[in-house]
Structures are given as C-alpha cells and as structure tokens.
Amino acid sequence: MKFLVILASIAVAVQAQASTSPISPVPHNLLWPRPQQFTNGTTDYSVDPHSLKFNLKFSQIANGNDVVIRKAVNRLKDAALKIGCPATGTAAITQVFVSVTGIDPTDLAQADESYTLVTDATSVTITAKNTVGALHGLQTLTQLIKPNERIPFHVETNTAGCQKAARVGIKTGFVIPSGPWSISDSPSYSWRGVSLDTSRNYIPVSSILRTLDGMAATKLNILHWHLVDATAFPVVSKTYPELRSSAYSPLSIYTYTDVQEIIAYAADLGIRVIPEFDTPAHTYSLSFAKELAPFVLCPNGGAGGTNSFWPTCPEPPCGNVNVADPGAAPAIAKLLKEYAGLFADSVLHLGGDEIENYCLNVSPQFTDIAFGKGNPVPATGTAAWSAGLATVYQSYIDTLLETTSAAGKQTMHWEDIVLNDGVVLPNNTIIQVWNSWDNTVSKNSLQKALALDRYQIVDTNSEYYYLDGGSGAWLTDRGFGPGGNSWEEAYWIPYIDWERIYTHDPRTSPIENTTDTTGSGYSTINGVIQVPTGNLQSIIGAEAAIWGERIGDSNLDTKLWPRAACAAEALWSADSFPTPSNKDFFEALPRLQVFRDRLISQGFGAEVLQPAWCLTNQCSAAFSGYPSNLAYGNEKPTYW
C-alpha cells in the first residue's frame, strides 16, 4: 500500500511538470545552488586546500573587506579538509586571486551579490563588485574542490583517520575536476531567507551560528529571527527589564552580547539578520513587564468565562495588545526604538498576524474605545466591527511607524495586517504572505497582495515553505478527544518534501487551490491553470519557515536541512532553468546528496534522503508521464 501511495504522489508531481529542454549537467554533481551560467572542460587539476595561496585585491580597504574574506578563506580550507585527506607532492592549482572592484555599501541590502569564477591550469580567479559577491564565489570554489575519494562520515580526516583510510586503499588528494571552469553567477531573487523561531523553544547561540553556516553554504542571505512570541521574550531589554522573567530559564536568554555576536557572525557570511517583534497578537510575554501589562488583553486566555485558551486565541498563551488604547503604541514604540538601535539591518519586522478578534470583542477596554462606550458592539467579522478595528489599528501602527522611520528602518509585516485588518502601510513596505487558498475570493494571499500594487512581497506560503510540519498536533487535545484526528500529520501542516519546495517559484509557479482535493490541486479558469499576475518584480523572494512548537536544538538540523537548500536553489538559480518551476528531480537529487554530504561533514544533522545504496545504483525510475526530454530520466546516478 505504501508503494502505491508513493507512485500516486510521483504521478501528481509528474503531471505538474511541463516539457522543457534539458539543462547542462554539473560535473560530479558538485554545485548547489547551480550557477546561472557556466562552462567547463574535461581536465582534472590537482589542488591542495591547505597550501592554497590567496591573493586579495580591493578597490579600497574599508568595511572589513580584507578581514571578512580572510575568514572565508579559512572556512574554505576547513570545509574542504573535512571531506578528504591531502596527498603528498605539489598540486597543479596553487593560487586563488580574489578581486573586489567596488565599494561596499553600508547597507548589506544594497550589496551586489554577483561574481565570476574562472579556473585555469594553475590558478582560480574570483571577481566581484562587492565583498558579499566574493563570499559567494568562495563558497562555489569550496564546492568545486572534490576529494579523489570521500572519507566516510564516521571517520575523522585527522592524521589517525587519514592513516586508517590509506590502509584500506582510499585514495588521497583533491582536484578541481572537469576544468577549466568559467562561471558567471548572481541571484534571481534578492531575498532568500530562513525564518527561525526561538521563542517556543530556546535555540542556543551555537545552533543559530551553525544555521548561519548552513545558510551561507547554499547562498541564503536572510535570517528572519522570530525572536519573541507569546510563550517567551528571551532577549534582554534595557527598556523593560522584567521581560526577561518570561524566559524559560535565566540561562535561556539572549543578551546584548549574544545578539551582537550573531549579527557580526552573520555579516561575515554576507547574511542579514532581521528581527521580528510581533504585535498586537502573540504578546502574552509582554505582560511580564508592569508598564506593558495593562495593554495586554486576555492574558493566557479564559475569555468568556472559560478556563481554556479557546476560543480566546488560536493557541496558548493568549494575549493581544489593546490597539485601541492610546497609551499602547507609545509604550511599544519605546521597545522598538531600543531594538532598532541593537539590530543593524535596515529592516525591522513588526509581525501583525492572527489578531485575536474574540479576545478584543469581549474586552470593554477595546470595545468602549473602538465603538464608543455604551454603544452596541458589532459581531466579529461584520463590516462594522472590521471598520472599527481598522480605525484604531491604523492609529496604533502609524505611531509605531513614526518610531521606526525615525530610526531609519523599513518595516516588514505579515499579510494579515493589510489583507485582513484593513490597515494601509506606506508604499514599498515589505509584506510577508503565509496563507494559501482563500475560497471566498478564489485567490491565494500572494495574488491578493499583488493586487494591492503598492508593497514588496516575500513569499512564505505555508503549503511550500513551512518546514516544521509533519509532526502532528503539539496541543494535547483541541476538542477532538480520543479517537479524533489531532494525531494526524496534517493537523498542522503536512510534511513538505524536498521536491515540492524545490519546484516552487514565487513568480511563475501555478497557484495551488488547496481546497481542490479531486482535481490537479491548481487554480483554474476555464480549464487554464492560473499563475500569479501583476507586477511580479514586487515579489522580492521567499523564506523557508521553521516554527518552534515542535522544534528545538535536538531536531533543528533534521527539519531544516537539506530542504532549506532546495528553497535556496529555487530562489538563487530560477533564471537558469528554462521553466523555473519545472526541474528534473533526477538531475537535482544527486547534487543535493553531495551538498548534504558537505553539511554532514561540517557537523550538521541533515536528514537522510535515500538509502546509501541509491547513491551509486538506480533507485528511481521515470514512470509513464515523466517528460521524456528531461535530462536524466532512467540513468544510473553518479556520486561525487
């Protein structure tokens, strides 16, 4: 039965693909993400990562260029030497020339990420306009360095491990194979991120730094740090010091020093750190500060005379800032002013999702101001209630925006604030969409945001990018009772496999109708599958999200990697595919396996994709309906 289910899922994936021309193979499956343009030859050139000489040239020595690139060089050598053992003798390629031709902008968001990489018989030349482009070029070079024979993961590539490998005949040394190479590369999308939740379960600083390493390896450039939530406010605040008492332990707190370390570490990797301070919902933890507690309604649920969080809020603990109270926004603005100074990036995420309508509507502190004391309170969801919410919410947000604008920050918000709650934000504000299909208007959130024609859009469609799914409910019982379906994988979000993530392109992929359980699953008009329409350039990228209810330090890597790398290639390399949402799994999987090997060698607990036997034997088959002109059909895979 399980095999039949697998066949059925493959058939659905096959139907979603359209015919396209094959793309150029990447020799030895070495590069992830694949470059936009490359050529290669047929000669293997020996190289010794340890003794490579790096010659750095800058148009000016400023903004840490020299320091940042030398750190990247050390990472390159370390990464290469963890997958193989060096050989004795002189290597052919001995030098790497790195040239940065421009002046780095002070805002990493404005940096040019493009680079070129050229190899010849004795050297490698990387040229970039800005330092971040040079960092990407060095990541590509890291992946071009191939061991003559990879050392198994359980054997360390230290002296003892290499001696052990030699005794059993494993070949030592490294090559840059299939040279000479000429690569011209740049990202298709400027925003390529991971959203990491550290509130539901505390994630140690060391694990955040490791996550940044993985992001850099696959050229992801945004860490959206969902730092706080209703459950905990685990970052030190000098404005409201009592907030730290909401943390799970005095040892489960991010200090200013921790935050600064993470930001600096990310900057050395060319990664931006964008914090999210979510209001007005998801704010129970704010009630731990005596100055903020009066503005938090329905703390920890119990509205309507019940002891349960439901129906006060979608999940415990409840708490919604009273946006109608004129004192609320100035109090929250003090917090934003503090963190605008701590976090260096030009973007500050203000949240804005899942307002607790029931909570607000049973709270006189809200209704008396929004609708007038003594006046009838409209039912939630009616036009009159929505208008009242929009008026007071707009005033609340406008006050916050005055603070963030004065601090030089562009703001980012979840879709709810503009699509559900009637707030109007300044042009080019970044809106992050997360919902999929809306039966009422027969559109998804991405299309609804495009129709507003005033915002930049980051796609985090839960049907494609929520990587924490597949573990069932985290709530013990939410009204289903014994024998109900709270145990089912799909209770939250089903597990999203790598192929689904990999083939999604925010600008060109068909719009999925997730309520269509009998057809193709796509939105159709007169039989024509719909794709996003409007100013598609306003879609600046996407994020893979890993929410923390069932994610902690012990399983973060397994849930995140290597699937986040699939989003990374889909966003970086979209323009290199004839049809971005149509990619050959037979071509991609061997490269993804090699990239996963590199993650494992660096200490990541990346998820296993197949039995090891499949790495060199044919486990897959192009079933009937798989496009015959895709490149790799039924071929036996190559490994490294």
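Any idea which of LYS443, LYS448, LYS409 is modelled with pLDDT under 95, among the basic types (Lys, Arg) and out of contact with any Lys or Arg (no Cβ under 7 Å at 6 or more places or on another chain)?
Just one listed residue meets the conditions, LYS443.
Hey, does the range 202-215 have a residue that's small (Gly, Ala, Ser), buried (at least 20 other Cβ atoms within 10 Å of the Cβ), under 16 Å from ILE551 (Cα atoms) and in contact (Cβ under 8 Å) with a residue 24 or more places away in the chain?
No, because not a single residue in the range 202-215 is small (Gly, Ala, Ser), buried (at least 20 other Cβ atoms within 10 Å of the Cβ), under 16 Å from ILE551 (Cα atoms) and in contact (Cβ under 8 Å) with a residue 24 or more places away in the chain.
For GLY89, which of the numbered conditions (1) modelled with pLDDT under 95; (2) on the phi < 0 side of the Ramachandran plot; (3) surrounded by fewer than 18 Cβ atoms within 10 Å (Cβ to Cβ) fails to hold?
(2)
Can you pull out every residue in the range 269-294 that is of a type in the set (D, E, K, R), without any contact (Cβ under 8 Å) to a residue 60 or more places away in the chain and out of contact with any Phe, Trp or Tyr (no Cβ under 7 Å at 6 or more places or on another chain)?
LYS290 - this is the single residue of the range 269-294 that is of a type in the set (D, E, K, R), without any contact (Cβ under 8 Å) to a residue 60 or more places away in the chain and out of contact with any Phe, Trp or Tyr (no Cβ under 7 Å at 6 or more places or on another chain).
Considering only residues that are surrounded by 15 or more Cβ atoms within 10 Å (Cβ to Cβ) and not in a strand (DSSP E or B), which ones fall in the range 531-545?
Hits for the range 531-545 are VAL531, PRO532, GLY534, SER538.
Among the candidates PRO330, PRO311, PRO294, PRO250, single out the residue that is in a loop (DSSP other than H, G, I, E, B), under 24 Å from ASN361 (Cα atoms) and of a type outside the set (Gly, Ala, Ser).
When all the criteria are applied, what remains is PRO311.
Within the range 253-275, is even one residue surrounded by fewer than 23 Cβ atoms within 10 Å (Cβ to Cβ) and in contact with a Pro (Cβ under 6 Å, 6 or more places away or on another chain)?
Yes, the range 253-275 contains a residue that is surrounded by fewer than 23 Cβ atoms within 10 Å (Cβ to Cβ) and in contact with a Pro (Cβ under 6 Å, 6 or more places away or on another chain).
Kindly indicate which of VAL124, VAL118, VAL132, VAL98 is in contact (Cβ under 8 Å) with a residue 40 or more places away in the chain, assigned by TED's automatic domain parsing to the domain that holds ASP66 and assigned to a helix (DSSP H, G or I).
Result: VAL132 is the single residue among VAL124, VAL118, VAL132, VAL98 that is in contact (Cβ under 8 Å) with a residue 40 or more places away in the chain, assigned by TED's automatic domain parsing to the domain that holds ASP66 and assigned to a helix (DSSP H, G or I).
Closer than 21 Å to PRO330 by Cα, of a type outside the set (Gly, Ala, Ser) and either surrounded by fewer than 17 Cβ atoms within 10 Å (Cβ to Cβ) or without any contact (Cβ under 8 Å) to a residue 60 or more places away in the chain (or both): which single residue out of ILE417, ILE369 fits that description?
ILE369
Given the criterion touching a strand residue (DSSP E or B) at 6+ places or on another chain (Cβ under 7 Å) and either at pLDDT 95 or above or assigned by TED's automatic domain parsing to the domain that holds ARG272 (or both), identify the matching residue among CYS318, CYS359.
CYS359
Within the range 68-83, is even one residue in a loop (DSSP other than H, G, I, E, B), out of contact with any Asp or Glu (no Cβ under 8 Å at 6 or more places or on another chain) and free of Cβ contacts under 8 Å to residues at least 12 places away in the same chain?
Within the range 68-83, not a single residue is in a loop (DSSP other than H, G, I, E, B), out of contact with any Asp or Glu (no Cβ under 8 Å at 6 or more places or on another chain) and free of Cβ contacts under 8 Å to residues at least 12 places away in the same chain.
Give me the residue from the range 340-364 that is free of Cβ contacts under 8 Å to residues at least 40 places away in the same chain and buried (at least 19 other Cβ atoms within 10 Å of the Cβ) and, out of that set, farthest from GLY381 (Cα to Cα).
So, considering only residues that are free of Cβ contacts under 8 Å to residues at least 40 places away in the same chain and buried (at least 19 other Cβ atoms within 10 Å of the Cβ), the one farthest from GLY381 (Cα to Cα) is ASN361.
I'd like the residue in the range 135-163 that is of a type in the set (A, V, I, L, M) and part of a loop (DSSP other than H, G, I, E, B) and, out of all such residues, is surrounded by the most Cβ atoms within 10 Å (Cβ to Cβ).
ILE145
Scan the range 378-393 and report the pairs whose first residue is closer than 17 Å to LEU425 by Cβ and whose second residue is acidic (Asp, Glu) and in a loop (DSSP other than H, G, I, E, B), with Cβ atoms within less than 7 Å and a gap of 6+ or a chain change.
Every condition considered, the pairs that remain are LEU389/ASP421; ALA390/ASP421; TYR393/ASP421.
Taking the condition of being in a loop (DSSP other than H, G, I, E, B) and either crowded, with 20+ Cβ neighbours inside 10 Å or small (Gly, Ala, Ser) (or both), how many residues in the range 101-115 meet it?
So the answer is 5.
Pairs only if they're at least six apart or on different chains, beta carbon under 9 angstrom, first in the range 453-482 and in the same structural domain as ARG507 (by TED's automatic domain parsing) and at pLDDT below 95, second acidic (Asp, Glu) and assigned to a helix (DSSP H, G or I); list them, first residue then second.
Matching pairs, first to second residue: GLY469/GLU489; GLY470/GLU489; SER471/GLU489; GLY472/GLU489.
The values are calculated or read from the model by the stated rules, or taken from the named source; none is laboratory data. Treat the numbers as computed from the prediction; the structure is a model and nothing was measured. With ideal geometry, Cβ positions are generated from the backbone for all residues, glycine too; neighbour counts draw on all protein chains shown.
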